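Participant: What follows is a structure written as structure tokens; I'll ask about it next.
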Amino acid sequence: MAPPLRIKLKKDQEGRVAAFALHRGDGSFEVQRNGNPFFPIHDLTHYAVESTLGLSHGFYGLVSQGWHLDDFGQPWPRGPLPLEALQVEHVVGLFDLERATGVLCTAEEMNEQVGVSLDLTQAPTAGRFTLTAQHVEVVRASRAELVERWHATPPGGTLELTFDVNPESVPVAR
């Protein structure tokens, strides 16, 4: 297991996101600057999904293991994303869709959407997970608390989190 990853979301003096920094346990780090207000909430949703469900091969888990931000897109220097990371991306996308539309999904609907999107009928079972109603509620509660903390972060301030697979997580069924 990789050492914990420190996550920093910094606001500029106008209160917009100015930087997203990821500090690995080995001292290396990644920084991304993007003023789009979508991304802090999306990144916090990733944190809520991965940390509360005990997932170690989603976005934050892979970064803590040495992946660089450029590894998550074309030309895919590390090869394709692991199945768990693909599932996490789709689940986070469904939570983003909920936030945008106000229409909540059930765990069954999320599992079905992810299954169809990734054609899990053809995927190996290793690395696959299934959400329950409890998982969805725990993620929603975690995300709500994180978003509240982000909105309470003053202009020029930084929201700091530590990503480590939480031993008190509600692990997903594999």
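The values are calculated or read from the model by the stated rules, or taken from the named source; none is laboratory data. Note that the structure is predicted; figures quoted are calculated from it, not measured. A quick note on method: Cβ atoms are made from the backbone with ideal geometry, for glycine too, and the neighbour counts reach across all protein chains shown. What goes into the accessible areas is simple: the full protein's heavy atoms, side chains included, and nothing from ligands, DNA or RNA. Shrake-Rupley method; radii C 1.70, N 1.55, O 1.52, S 1.80 Å.
Participant: Among the residues of the stretch 28-41, are any under 19 Å from Trp150 (Cβ atoms) and of a type in the set (Ser, Thr, Tyr)?
Facilitator: Checking the stretch 28-41: not a single residue is under 19 Å from Trp150 (Cβ atoms) and of a type in the set (Ser, Thr, Tyr).
Participant: Please work out which one of (1) open to solvent by 10 Å² or more (accessible area, probe 1.4 Å); (2) without any contact (Cβ under 8 Å) to a residue 60 or more places away in the chain is the condition Leu22 fails and give its number.
Facilitator: That leaves (1) as the condition not met.
Participant: Out of all the residues in the stretch 1-19, which are open to solvent by 30 Å² or more (accessible area, probe 1.4 Å) and touching a Phe, Trp or Tyr at 6+ places or on another chain (Cβ under 7 Å)?
Facilitator: Passing the criteria: only Pro4.
Participant: When the stretch 156-174 is examined, which residues are found to be open to solvent by 70 Å² or more (accessible area, probe 1.4 Å) and modelled with pLDDT of 95 or more?
Facilitator: Within the stretch 156-174, Glu160, Thr162 qualify.
Participant: Which residues, taken from the stretch 101-116, are open to solvent by 70 Å² or more (accessible area, probe 1.4 Å) and modelled with pLDDT under 95?
Facilitator: Matches in the stretch 101-116: Glu112, Gln113, Val116.
Participant: Let me ask another. Does the stretch 42-63 contain any residue that is without any contact (Cβ under 8 Å) to a residue 60 or more places away in the chain, crowded, with 21+ Cβ neighbours inside 10 Å, of a type in the set (Gly, Ala, Ser) and under 17 Å from Ile7 (Cβ atoms)?
Facilitator: yes
Participant: Considering only the stretch 1-20, how many residues are aliphatic (A, V, I, L, M) and over 17 Å from Ile41 (Cβ atoms)?
Facilitator: 3
Participant: Being open to solvent by 60 Å² or more (accessible area, probe 1.4 Å), part of a loop (DSSP other than H, G, I, E, B), within 25 Å of Asp164 (Cα to Cα) and free of Cβ contacts under 8 Å to residues at least 24 places away in the same chain narrows it down to one residue among Arg78, Arg128; which is it?
Facilitator: Step by step, each of Arg78, Arg128 is checked, and only Arg78 is open to solvent by 60 Å² or more (accessible area, probe 1.4 Å), part of a loop (DSSP other than H, G, I, E, B), within 25 Å of Asp164 (Cα to Cα) and free of Cβ contacts under 8 Å to residues at least 24 places away in the same chain.
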